[in-house]
Structures are given as structure tokens and as C-alpha cells.
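In what follows, a structure is listed as C-alpha cells, so that the remarks can point back to it.
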Amino acid sequence: MKRAWSWALLAAAGAALGVGASLLQDRTTVVRASPLFSLREGSRLLADGRLEAGRVVKSGRLAAEVSKRASRALSAIPNELRPSLVVVDVEPRYGATVPPVAQLAYLRTSGSLVVGSAGEAASQAVWLHELAHVRLAGARPKGAIAQRLVDAIEEGIADYFAAALGGDAVVGSGGAQRDLRQPPPASASEWASLALEGVGTHRMGWRLAARLYERDAQGGSLLRDAVACLDGDSGLGAAPETPAGVVDAFLQACPEAGRARLAGILSEWLPLELMTPEIPT
Ligand SMILES: [Zn+2]
């Protein structure tokens, strides 16, 4: 199905294109059923992770291919789960210390998707996973450990989103494929690594995604509830720097009707010692 991109609306809102991240935080100003979509070329990715917006493009071979892929992925997402604004930066120029994106990645600092020179190889599953990140742009904790734990939860929800909506248990691409029917084993040292930077949040999320997928491979209310936990303003922004506190704040941000089911899934996913509140000595 061909989607009608809101080019006219985009032209009218030209000034707003450079501030995608702030628009993302105000979903009430846009129509969710028809996400605003724009492709930018000549954007510049700075060393601190910020992105200087390039010019909006509407034509060209890569732009056409990217539009087609994004359109196909968005068509697979029900209206209520689509991100309201999708900004794609095609082959941005990178600062000296910024590793280039090969295919497709979500950039949290700008709220946009970055397409690399091998962007045409990004599969439907990869597009769905990255579009899930665009949608899951709600409140996040300030502390580093709390952030990493929520990042792992977000990766799990994004994988579940891709598998359920794409109708395929295998997500990711190339050497980073993750089969939600065969998650990797957990290890205590992996959980301890939450204290370190560069922790493998995809691998942790994989096991959470597998548990969600096992409960309902079609998505349904479980997927809607999981997305709702991370896509808006919530007390997660003020979560304490302890795993138990983060999980509690996460569950409080979830729809009440789905909270008990999600709490059960998280308790199976997290090791017991991380869930036990610390006893003051
Ligand atoms: Zn991801």
C-alpha cells in the first residue's frame, strides 16, 4: 500500500523540520495515523552526538529507496503504535570521533534515524526495530545504571515490536541476528556489567524480547502496553539509581491494566538479587 507522505504539510512546516526532537515530545500537535516523514541530506553528526540538520530531500535514488523501505515498515505498524514524526538523515557527515552508521540506526540525541552508505541493505525487521525506538521516546532516568537498565528494556521491547509486527521471530541483521525463540543464556557477570559503559543492552534485551514473544507472538495488548510504558512523560525521569527502583518506576509508567503481566515478565527476566531492595547496614 502506498502511503501518502505529508509533503505539503512538511513544506508549510519547514521551520519545524530542524527541531524533530522537540516535536516528538508533543504528540498532540500531529496526527498519529499519518506520521510526518522527512528525509534530510547533508546532515552533520557532531562528536558529542548532536546532529546538525541538513536540507530536506524529496528525490534521488537513495532517497527513493529509503522512502520505500520506511513506507513499507510504517505500513506494518498499526496506527496506534506508529511514531508521529519520522525524520531520516541520509548519509550524514561524521565528526572525526564518531563511528559511521553502516545501515540504519536511531540517534537518541536528535530523535532521528540515520541511514548509512549500506542503508539499502536494512531489512524490514531492522526498520521496525529502529522505528520502535523513534516511538519509545518518553522520559528516561538521569543516572547511568538506571539508564542502561531502561535501555536494555527498550531494546527488548523494540525487538518484540519488530518480531510481532514483522511476523518473524528473527530480528536484527547480518551477524547481529537475534532469534527470539532462542535467546542467549544469562550470566551474573553480564548483569553486573550494567555498572559499566558499553554494556550489551541488545543481548539483555534479547532475553526480555523472547519472554514477551513467548507470551504473545502477535503483539496485541501486550505490545501496546509495553510501548506505552516508554513512550510518554512519566516518573521514569526521576527513577532512583537502583535496579529495583528503576523497575518499579518503569511499571508505574505502564498502563494499569497491563502492569501485573509486565511485572511477572520482568521478574522472570531479571535476576532475583537485582530485584531485592538493599537492606541498610
Ligand atoms: Zn535498538
(request) Taking the Cβ of Arg224 as the centre, find all other residues whose Cβ is under 11 Å away and add up their charges (Lys, Arg: +1; Asp, Glu: -1). (result) -4
(request) With viscosity set to 0.692 mPa s and temperature to 37 °C, compute the Stokes-Einstein D of the stretch 144-272, Rh being the Kirkwood radius across alpha carbon pairs; µm²/s, no decimals. (result) 224
(request) Would you mind giving the average projected area, over all directions, of the Cα convex hull of the stretch 106-158 in nm² with one decimal? (result) 4.0
(request) Starting from the Cα of Arg181, step 7 Å along the direction of its Cβ; do the same at Ala217; then give the gap between the two resulting points in nm. (result) 0.6
(message) Along the Cα→Cβ direction, 7 angstrom out, place labels at Arg55 and Ala192. What is the inter-label distance in nm?
(response) 5.5
(message) Apply the a/c threshold of 1.5 to the C-alpha gyration tensor of the stretch 204-273 and tell me whether it is rounded, prolate or oblate.
(response) oblate
(request) Counting other beta carbons within 10 Å of each Cβ, put Cys254, Cys229 in order, fewest first. (result) Cys254, Cys229
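All of the numbers you see were taken from the coordinates with simple rules; none came from a lab. Computed from a predicted model, the values in this text were never measured in an experiment. Ideal geometry is used to build each Cβ from the backbone, glycine not excepted, and the neighbour counts take in all protein chains shown.
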